[in-house]
Each structure stands twice: as C-alpha cells, then as structure tokens.
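Read through the structure below, which is laid out as structure tokens, and then see the notes.
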Amino acid sequence: MPVNEALSTYSDWTYGAAVAIYVLAMVFHFVEQAMQRTTAPAEAEVLVGAGGPELDGRHRDVAVPPRSRPGRAERFGRMAVSATVLGALVHLASLVLRGLAAERVPWGNMYEFGSVLCLGAVATWLVLLRRFPVRHLGGFVLAPIALLMFLGGTVLYTAAAPVQPALQSYWLVIHVFTVATSSGALLVPGVASLLYLIKVNPDRFARLAPRLPGAETLDRVAYRITIMAFPAYTLAIIFGAIWAEAAWGRFWGWDPKETCAFVAWVVYAAYLHSRATAGWRGSRAAAINTLGFAVMVFNLFFINLVISGLHSYAGLG
C-alpha cells in the first residue's frame with residue numbers, strides 16, 4: 001500500500017508545530033504562576049462544603065489575596081489556555097494527516113501511540129479546566145506532554161508506513177486507541193498527586209508549594225480523573241487479552257508488557273479501593289497514585305524500548 005509522502009510531511013510539520021505551541025502555552029502558564037505570590041482564595045476554598053476529602057489541619061490552605069497584579073496574570077493564563085486549545089487542534093490535524101497518508105488508523109507504532117496518548121492527556125486537561133479552578137497546574141501538565149512529544153518526534157520517530165500483517169486487525173483500532181487515551185488521561189491525576197505531595201510539604205518546597213492550587217483541590221482532581229479513566233484502562237487490558245487469544249492462541253502469557261500493564265492496574269485499583277474502604281486521603285493516597293503514574297511511564301519507555309517481548313515487534317504502547 002503506497003504512502004502519500006506529501007500528507008506524511010504535512011503531518012510531521014503539524015506535529016512539530018503542536019509541540020512548539022504546547023511549549024509556548026507552558027511558558028505562559030509558568031509566567032502566570034510567577035505573578036501569583038500565594039494561592040488565590042477561589043482555589044483554596046472551592047471545595048469547602050462540597051464533599052472534599054478531610055485533611056489534617058496543618059495541610060489546609062489559608063486564603064491569602066494575591067500580591068501581584070491579577071489583571072496581567074489573568075491575561076497570561078487565558079493566553080495559555082487558548083494556546084493549549086490551538087495546540088490540541090493542530091495536534092489532532094497531525095494525527096488525521098498521518099492516518100490519511102498511511103491509509104490506516106494513526107496509532108500503529110510507538111511514535112503514533114505516544115502522540116495519541118499526549119492528545120488524550122491534553123483533552124483530559126481541557127475538560128478538567130471547565131470543572132475545577134486548577135489553571136495554575138497547566139505548566140506542570142504540559143511539561144511532561146511536551147517532553148513526551150519531543151522524544152516521540154526525535155528518538156521514537158517512525159516514517160509513515162503500512163502496519164505489519166500481525167497488526168492488521170480491528171483490535172488495533174479498539175485496543176490500542178483505548179489504552180493510549182486512558183493512559184493519557186491517567187497522566188493528569190499522576191501530575192496532580194505528585195504536586196499534592198509537594199503542596200503538603202511546604203518546608204521542603206518553600207518556593208513552589210504556596211503557588212500551587214489548594215491541597216484539597218489537587219487531591220479531589222486526582223481522584224475524580226482516576227475514577228473516570230480507570231474503567232477505560234480496564235477495558236483496554238481486557239481488549240488486549242481478547243486480541244492476544246486471537247493472535248497468539250492464549251488470553252494471557254505474562255509477557256513483560258502485559259505484566260507491567262497489570263501491575264499498573266493493580267496499583268490504581270489499590271488507590272481507588274483504599275479511598276473507598278479504608279478512607280485513605282491525602283498523602284498516602286497521593287503516594288499510591290504517583291506510584292501508578294511511575295509504573296505507567298516505566299511501561300511506556302523501559303518495557304517498550306529495552307525489554308524484548310511479544311509486543312516489541314510492533315513498538316506498541
């Protein structure tokens with residue numbers, strides 16, 4: 001099947017443009033944050049009386065009016081969000097062009113998988129912005145996304161081409177898309193939980209902690225996104241098992257990729273279970289969620305690129 005080289009080139013250009021726009025949005029977010037000396041009252045009090053998790057008194061945020069000029073900070077924040085939306089549209093265009101160039105779904109190798117994952121993370125972040133006052137997290141969310149896309153466009157880049165015969169299945173559409181988007185969605189609560197651990201340790205992070213959203217907000221955001229993304233990630237593992245039975249004659253074989261994906265699933269299940277039954281909140285829950293995020297990153301890079309397994313031939317996520 002011939003590849004449309006012109007569309008492939010346009011896809012590469014729009015991919016690079018999306019990375020540049022995300023970096024610009026990240027800079028705008030950090031400029032906005034630098035103008036905010038302390039946590040804004042709306043963020044510190046947003047969950048009061050709304051069923052937020054109970055935290056120990058020393059971890060509660062005190063609403064202190066910002067000491068900077070809110071007008072300028074607000075403008076940079078809005079520019080950052082606008083740039084992120086633009087970046088997402090350009091990013092989507094790069095995937096569409098890639099798919100048209102190769103005449104298949106644009107997630108058939110590691111480079112494309114990473115692109116879909118990052119777009120899933122950006123989409124999750126934009127939806128989150130409409131529900132919670134967490135715009136100050138934007139720079140921290142976009143930083144790993146921009147880094148992943150930069151690595152994808154350089155180290156992991158693969159020219160557009162038809163997929164191998166083993167991947168020419170409708171399960172490529174279902175399984176890989178589900179695991180990429182759910183993994184991207186789980187990137188956001190991973191960042192939120194990591195920042196929560198920074199927020200509740202102001203002595204160690206004296207310069208950064210006061211500029212972050214409230215600890216209750218970070219904790220609640222991490223929980224809400226995880227509880228929505230976890231079912232999709234579960235379905236992705238089930239779909240992968242069904243595809244494995246069709247392709248290799250067994251549902252599960254403890255391949256390194258399968259094993260690491262299952263470990264991540266167990267960690268996220270433990271996070272949700274501990275909150276629902278043991279009532280874990282705050283630092284303990286955030287530590288578990290951060291561990292799940294670390295396992296996902298380990299699975300994405302180390303397992304795919306270093307360890308040889310049944311998934312290695314595809315470079316799939």
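Scanning the stretch 199-238 for residues that are closer than 17 Å to Leu186 by Cβ, of a type outside the set (Val, Ile, Thr) and surrounded by 18 or more Cβ atoms within 10 Å (Cβ to Cβ) yields Leu218, Asp219, Arg220, Ala222, Tyr223, Ala229, Phe230, Tyr233, Ala236. Is it the case that some residue within the stretch 272-284 is outside any helix (DSSP H, G or I) and either at positive phi or in contact with a strand residue (DSSP E or B) (Cβ under 6 Å, 6 or more places away or on another chain) (or both)? Yes, the stretch 272-284 contains at least one residue that is outside any helix (DSSP H, G or I) and either at positive phi or in contact with a strand residue (DSSP E or B) (Cβ under 6 Å, 6 or more places away or on another chain) (or both).
Inside the stretch 1-60, can you point out the residues that are assigned to a loop (DSSP other than H, G, I, E, B), hydrophobic (A, V, I, L, M, F, W, C) and either buried (at least 17 other Cβ atoms within 10 Å of the Cβ) or at pLDDT 75 or above (or both)? Across the stretch 1-60, the qualifying residues are Val3, Ala40, Val46, Leu47, Leu55. If I filter the stretch 153-163 for residues that are assigned to a helix (DSSP H, G or I), among the polar types (S, T, N, Q) and in contact (Cβ under 8 Å) with a residue 40 or more places away in the chain, do I get at least one hit? No, the conditions are met nowhere in the stretch 153-163. The set of residues in the stretch 2-38 being free of Cβ contacts under 8 Å to residues at least 24 places away in the same chain and among the hydroxyl-bearing types (Ser, Thr, Tyr) consists of Thr9 alone. Within the stretch 245-268, if we keep just the residues that are over 15 Å from Phe302 (Cα atoms) and either touching a Gly at 6+ places or on another chain (Cβ under 6 Å) or acidic (Asp, Glu) (or both), the residue that is surrounded by the most Cβ atoms within 10 Å (Cβ to Cβ) turns out to be Tyr268. Checking each residue in the stretch 97-127 for being surrounded by fewer than 21 Cβ atoms within 10 Å (Cβ to Cβ) and either assigned to a helix (DSSP H, G or I) or within 14 Å of the chain's Cα centre (by Cα) (or both) picks out Gly99, Leu100, Ala123, Leu126, Val127.
Out of the stretch 216-228, which residues are farther than 15 Å from Ile288 by Cβ and either aliphatic (A, V, I, L, M) or not in a helix (DSSP H, G or I) (or both)? If the condition is that a residue be farther than 15 Å from Ile288 by Cβ and either aliphatic (A, V, I, L, M) or not in a helix (DSSP H, G or I) (or both), then Val221, Met228 are the ones that fit.
The values are calculated or read from the model by the stated rules, or taken from the named source; none is laboratory data. Remember, it's a predicted structure, so these values are computed and weren't measured experimentally. Here the Cβ is made from the backbone with ideal geometry for all residues, glycine too, and neighbour counts use every protein chain on show.
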